[in-house]
């Protein structure tokens, strides 16, 4: 499975987000307890600046595995949103 996750990471880094998402969805369909799949799904959404779905995916990953790197990624997304929202008030 780790080899497949590495392949998905490569797809994400190459901006092949649609293909990466298809592979992630296949994994989730086979086994919805794969926190790593939800973490990577969050990464795809984050690259697309779809903050809501990124945070939701990261949160799901953390619910499955509290030690997931998704916890830090989720916090980073929230910080980004807080920065953007605060900045919007300054205009």
Residue check: is residue 40 more than 11 Å from the chain's Cα centre (by Cα), crowded, with 16+ Cβ neighbours inside 10 Å and closer than 19 Å to residue 2 by Cβ? no
Residue hits (the range 60-69; in a helix (DSSP H, G or I) and either in contact with a strand residue (DSSP E or B) (Cβ under 9 Å, 6 or more places away or on another chain) or crowded, with 16+ Cβ neighbours inside 10 Å (or both)) are 60, 61, 62, 64
Top-ranked residue in the range 19-33 [being part of a helix (DSSP H, G or I) and loosely packed, with under 11 Cβ neighbours inside 10 Å; ranked as nearest to the chain's Cα centre (by Cα)]: 29
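Just so you know, all these numbers are worked out from the coordinates, no wet-lab data involved. Here the structure is a predicted model, which means the values were calculated and not measured. So basically every Cβ, Gly included, is an ideal-geometry build from the backbone, and we count neighbours across all protein chains shown.
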